[in-house]
1. Of all residues in the stretch 109-122, which are surrounded by fewer than 18 Cβ atoms within 10 Å (Cβ to Cβ), in a helix (DSSP H, G or I) and of a type outside the set (D, E, K, R)?
2. Kindly indicate whether Thr106 is modelled with pLDDT of 95 or more and over 20 Å from Ser161 (Cα atoms).
3. If you take the residues in the stretch 127-151 that are of a type outside the set (Asp, Glu) and more than 19 Å from Ala108 (Cα to Cα), which one is modelled with the lowest pLDDT?
4. Can you tell me which residue within the stretch 123-162, out of those that are touching an Asp or Glu at 6+ places or on another chain (Cβ under 8 Å) and part of a helix (DSSP H, G or I), is farthest from Gly102 (Cα to Cα)?
5. Report the residue count in the stretch 117-167 for those that are under 19 Å from Phe87 (Cα atoms), of a type in the set (Asp, Glu) and more than 17 Å from the chain's Cα centre (by Cα).
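The values are calculated or read from the model by the stated rules, or taken from the named source; none is laboratory data. No experiment lies behind these values; they were computed from the predicted model shown. No Cβ is skipped: glycine too gets one built from the backbone with ideal geometry, and neighbour counts run over all protein chains shown.
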Amino acid sequence: MKKLLLGAFIVSAPFMTMTTASAAGGHGPAGCGLGTAVIFKQANEWYEHVLAATTNGTSGNQTFGMTSGTLGCGDANGPLASGVDLFLDNNMEQLAAETATGQGETLAALSELIGVDAADTATFNTALKANFDQIFSSEAVTSGQAYDSLVSVMKQDITLSKYVNQA
């Protein structure tokens, strides 16, 4: 019975971490984290990828790496601060509602996550409200599309462009 459970876990591990690995931005099937950066650095075999993904996804180190920009996760976040893509993924509906009004807790949390200074928060809120139709172009807009539009809006604003990594 233990072997059956272990086998089921190993087979399903890549699927359990697939969302995280996808968000981790092109780090192969295992995503970024300790399993990829240190333990299975030269993974070539399928089981090495499974073990790396399991290590990344079950020990919390992938989340740590994405938050801190370490363990090979530094480029996982795109041009905005760490975790913005995941934040959008989890808060699209509420963020759209608050962006339309130019105020709210979720919009404030996004501003803080990006690292917008308190002095620039009003500019951030106003820019997003003014560009609502570009960021949330339809009800079917994905978080990835909203992210790309948010980056574009911020790059166009002289005050907000400093918060977009020019990598």
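1. Within the stretch 109-122, Ala109, Leu113, Ala118, Ala119, Thr121, Ala122 qualify.
2. Spelling it out, it is not the case that Thr106 is modelled with pLDDT of 95 or more and over 20 Å from Ser161 (Cα atoms).
3. Of everything passing the filter in the stretch 127-151, Ala140 is modelled with the lowest pLDDT.
4. Pass one, the stretch 123-162, residues touching an Asp or Glu at 6+ places or on another chain (Cβ under 8 Å): 123, 127, 143-144, 147, 159-160.
With the extra rule that they be part of a helix (DSSP H, G or I), the set shrinks to 123, 127, 143-144, 147.
Details: Thr123: 10, Ala127: 9, Ser143: 19, Gly144: 21, Tyr147: 17 Å.
The extreme case among them is Gly144.
5. Summing the residues that are under 19 Å from Phe87 (Cα atoms), of a type in the set (Asp, Glu) and more than 17 Å from the chain's Cα centre (by Cα) in the stretch 117-167 gives 2.
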